[in-house]
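Structure first, commentary second.
The values are calculated or read from the model by the stated rules, or taken from the named source; none is laboratory data. From a predicted model like this one, the values you see are computed outputs, not experimental measurements. Glycine gets a Cβ as well: all are built from the backbone with ideal geometry, and neighbour counts include every protein chain shown. Surface accessibility is based on the protein's heavy atoms, side chains included, excluding ligands, DNA and RNA. Shrake-Rupley method; radii C 1.70, N 1.55, O 1.52, S 1.80 Å.
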Amino acid sequence: MQLNKLVNFHKVMGDQTRIRLLVLLSSEQPLSGQELAERLGVKPPTISHHISKLKEVSVIYERREKNTIFYFLNEKSLKQHTEALFIVLNRSRKEEEAMELQKEKDQILQNFLLPNGMLKTIPAQRKKKLIIFEHIAKNLEIGRKYTEKEINEHIKQFHEDYATIRREFIINHYMYRENAIYELNPKEMWAK
């Protein structure tokens, strides 16, 4: 849902008379504008004004029966609008978490990589080690089969101990090995 629509919905709902009007429509059968005005103790033009605002955000709808218009609560629309705020808040929180995680990864890479891209050392801490291995594996292609020599050459671009890193690729499910042929696993299988 667009942010402007969400803001407009909450502006419209920020009125006591409109909330009372919705309560009446939710707890009883459909009511006419005249009946709503009588029950709320306001004049019919006031009800017309509030009804038009509530129709703008689609939380009520109307049906005409002869010369009388009856108003109904649109529960589905009301529920969508109220849930939309939680969706926006949740999305915002996830984006913040992703940015923090990326910042942390960038810091680890900066700490363990030389300016030429070579590893200073293989991290001892598992979390940092996985971030480094992910960095090394990112240029490998999914679906391509690599010989052991090709994997060794790729790893040597980052560190001279290619055997240890190659073993770690298998242990942490970055790659699958069969008959000295290596294949990159989908990222969902990589150790976290």
Run the 1.4 Å probe and let me know the accessible area of TYR162, rounded to the nearest 10 Å². 80 Å²
At q = 0.11, 0.14, 0.23 1/Å the base-10 log of I(q)/I(0) from the Debye formula over the alpha-carbon atoms of segment 28-103 is -0.45, -0.58, -1.04
Using DSSP to call loops (not H, G, I, E or B), can you name the trypsin sites (Lys or Arg not before Pro) in segment 1-110 whose Cβ has at most 13 other Cβ atoms within 10 angstrom? LYS66
Just to confirm my numbers, what's the Cα centroid distance between segment 151-192 and segment 104-130 in Å? 17 Å
Scaled by the rule-of-thumb 2.2 N^0.38 Å, the alpha carbon Rg for segment 1-145 gives a ratio of 1.92
Ignoring ligands, DNA and RNA, what percent of the accessible area of the chain is carbon or sulfur (1.4 Å)? 50 percent
State to the nearest 20 debye the size of the charge dipole of segment 145-192 about its Cα centre, where the only charges are +1 on K and R beta carbons and -1 on D and E beta carbons. 100 debye
May I ask you to derive the FRET efficiency for GLU150 and ASN185 from their Cβ-Cβ distance with R0 = 25 Å, giving the value to the nearest 0.05? 0.90
Please give the per residue accessible area of the chain, computed with a probe of 1.4 Å over protein heavy atoms only, in Å². 66 Å²
Charges on Cβ only, +1 for Lys and Arg, -1 for Asp and Glu, centred on the Cα centroid of the chain; of THR82, MET175, TYR162, which one is farthest towards the dipole's positive end? THR82
So for the chain, averaging the separation of alpha carbon pairs under 8 Å that are six or more residues apart and normalising by length, what relative contact order in percent results? 13 percent
Simple spin-label estimate for ILE170 and SER26 in nanometres, 7 Å along Cα-Cβ: 6.2 nm
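Between GLN125 and LYS43, how high is the FRET efficiency from 1/(1 + (r/R0)^6) when r is the Cβ-Cβ distance and R₀ = 41 Å? Nearest 0.05.
E between GLN125 and LYS43, to the nearest 0.05, is 0.05.
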Can you pull out the trypsin sites (Lys or Arg not before Pro) in segment 137-168 that DSSP calls coil and that have at most 10 other Cβ atoms within 10 Å? LYS138, ARG144
Given Cβ charges of +1 for Lys and Arg and -1 for Asp and Glu, the option among GLN107, MET118, THR147 whose Cα lies farthest towards the positive end of the dipole of segment 70-157 is THR147
Under a Cβ-only charge scheme (Lys and Arg +1, Asp and Glu -1), can you give me the dipole magnitude of segment 61-192 about the Cα centre, in debye to the nearest 20? 260 debye
Per 10 angstrom bin, beginning at 0 and ending with the bin that holds the maximum distance, the Cα pairs of segment 92-192 fall in percents of 15, 46, 31, 8, 1
Calculated FRET value between GLU178 and GLN107, using beta carbons and R₀ = 30 Å, to 0.05: 0.25
Return an integer: the convex hull volume of the alpha-carbon atoms of segment 117-172, in Å³ per residue. 82 Å³
